[in-house]
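Heads up: the structure comes next, in structure tokens.
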């Protein structure tokens, strides 16, 4: 199955709304200028975020799915999901996510865990292009296998460019057929992993959103039990964590984010 879904967000219309104190100011967030659903995904807007909703069991078999997310200049878009995505038994399914964020725009992406079920063979590629002055917070979580089952084969790649220059190239291969994936240098006995990328630099940020640090803090710890932090050669940082289960991994990830102050 070939499928393509697209979402485009623009800055709010120049309409002032009164605050609780009676003052006026621009409305935060965005307005959706293009929403194009295609099974197995649909977009549903709520006051706090746009939700990615599954409309069919996928990825499965040889599904080849693509998503496009575009945040225009000055817009702030939060993307969430109603439920976890399960990678079902497949011969080589894939999901490609293309992200573009304009100057002054911000994307906050955080979906429930991707679950690699037994016998899956799934690859996800994320390509993000951030203009100068754009920011992005990208969070990923994965769980290897459902309860009581071994995992399938899973590949994840995250490529991010900032101001037309490479910022991050990150790839993880896990599961049967990958040499050493369950050894001490990768996951060991752990079956959950997660990361948070904070990219971009701006003088101000949207409410509740912390921008990437503009300078490196040489005194902050770079690793702890189950987590590690890496400052990028550009405006941003990457935090990753592992754990025997999703709750342990999230605890390690939360500790790492607390250590870096955001």
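The set of residues in segment 63-88 being outside any loop (DSSP other than H, G, I, E, B) and closer than 14 Å to residue 117 by Cβ consists of 85, 86, 87.
Would it be correct to say that residue 116 is crowded, with 22+ Cβ neighbours inside 10 Å, out of contact with any helix residue (DSSP H, G or I) (no Cβ under 6 Å at 6 or more places or on another chain), farther than 19 Å from residue 196 by Cα and in contact (Cβ under 8 Å) with a residue 12 or more places away in the chain? Yes, satisfied. If you filter segment 180-193 down to residues that are touching a strand residue (DSSP E or B) at 6+ places or on another chain (Cβ under 9 Å) and in a loop (DSSP other than H, G, I, E, B), you find that the one that is surrounded by the fewest Cβ atoms within 10 Å (Cβ to Cβ) is 188. Of everything in segment 146-163 that is more than 16 Å from residue 187 (Cα to Cα) and either part of a strand (DSSP E or B) or without any contact (Cβ under 8 Å) to a residue 12 or more places away in the chain (or both), the residue that is farthest from the chain's Cα centre (by Cα) is 148. Within segment 85-103, if we keep just the residues that are out of contact with any strand residue (DSSP E or B) (no Cβ under 7 Å at 6 or more places or on another chain) and at pLDDT below 95, the residue that is nearest to residue 40 (Cα to Cα) turns out to be 88.
Might you let me know whether segment 161-170 holds any residue that is at pLDDT 95 or above and closer than 20 Å to residue 246 by Cα? No, segment 161-170 contains no residue that is at pLDDT 95 or above and closer than 20 Å to residue 246 by Cα. Reported count of residues in segment 96-113, each being farther than 19 Å from residue 145 by Cβ and either free of Cβ contacts under 8 Å to residues at least 12 places away in the same chain or surrounded by 17 or more Cβ atoms within 10 Å (Cβ to Cβ) (or both), is 11.
Does residue 167 fit the bill of being under 23 Å from residue 75 (Cα atoms) and surrounded by 14 or more Cβ atoms within 10 Å (Cβ to Cβ)? The answer is yes for residue 167.
Taking segment 228-262 as the range and being within 16 Å of the chain's Cα centre (by Cα) and under 20 Å from residue 129 (Cα atoms) as the test, the residues that pass are 236, 237, 238, 239.
Are any residues in segment 45-63 at pLDDT 90 or above, closer than 17 Å to residue 3 by Cβ and surrounded by fewer than 16 Cβ atoms within 10 Å (Cβ to Cβ), and if so, which ones? Residue satisfying the conditions is 53 alone.
Residue-by-condition table, conditions (1) in a loop (DSSP other than H, G, I, E, B); (2) touching a helix residue (DSSP H, G or I) at 6+ places or on another chain (Cβ under 7 Å); (3) at pLDDT 95 or above:
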{"site": "221", "(1), (2), (3)": "yes, yes, no"}
{"site": "247", "(1), (2), (3)": "no, no, yes"}
{"site": "251", "(1), (2), (3)": "no, no, yes"}
{"site": "255", "(1), (2), (3)": "no, no, no"}
{"site": "259", "(1), (2), (3)": "no, no, no"}
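The values are calculated or read from the model by the stated rules, or taken from the named source; none is laboratory data. A quick note: this is a predicted structure, and the numbers were derived from the prediction, not measured. We place every Cβ from the backbone using ideal geometry, glycine too, and count neighbours over all the protein chains shown.
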